[in-house]
Amino acid sequence: MAGIPRASVGLAVVMVLALAIFMPSVGANAPAPAPTSDGTSIDQGIAYLLMLVALVLTYLIHPLDASSPYKLF
């Protein structure tokens, strides 16, 4: 039985390696676009809403403290 020449095996190995390296990049897609919002604007909106609630509560509670008989301030 005659063996396969070493040059043919070497060539086949080189071709398989070349295909393994370059074929995945043929079907590669472009990278995903950057997100339009990373959530910081939502966090900032929630923070402003909470500050507004705190301000309203302060103005609602302060007159009650001022009219209390305990004279806290």
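The values are calculated or read from the model by the stated rules, or taken from the named source; none is laboratory data. Since this is a predicted model, take the numbers as computed values, not measurements. Glycine gets a Cβ as well: all are built from the backbone with ideal geometry, and neighbour counts include every protein chain shown.
Among the residues of segment 9-40, those identified as assigned to a helix (DSSP H, G or I) and loosely packed, with under 10 Cβ neighbours inside 10 Å are A20, I21, F22, M23, P24, S25, V26, T40. Scoring S68 on the criteria (1) modelled with pLDDT under 80; (2) loosely packed, with under 10 Cβ neighbours inside 10 Å leaves a single failure, condition (2).
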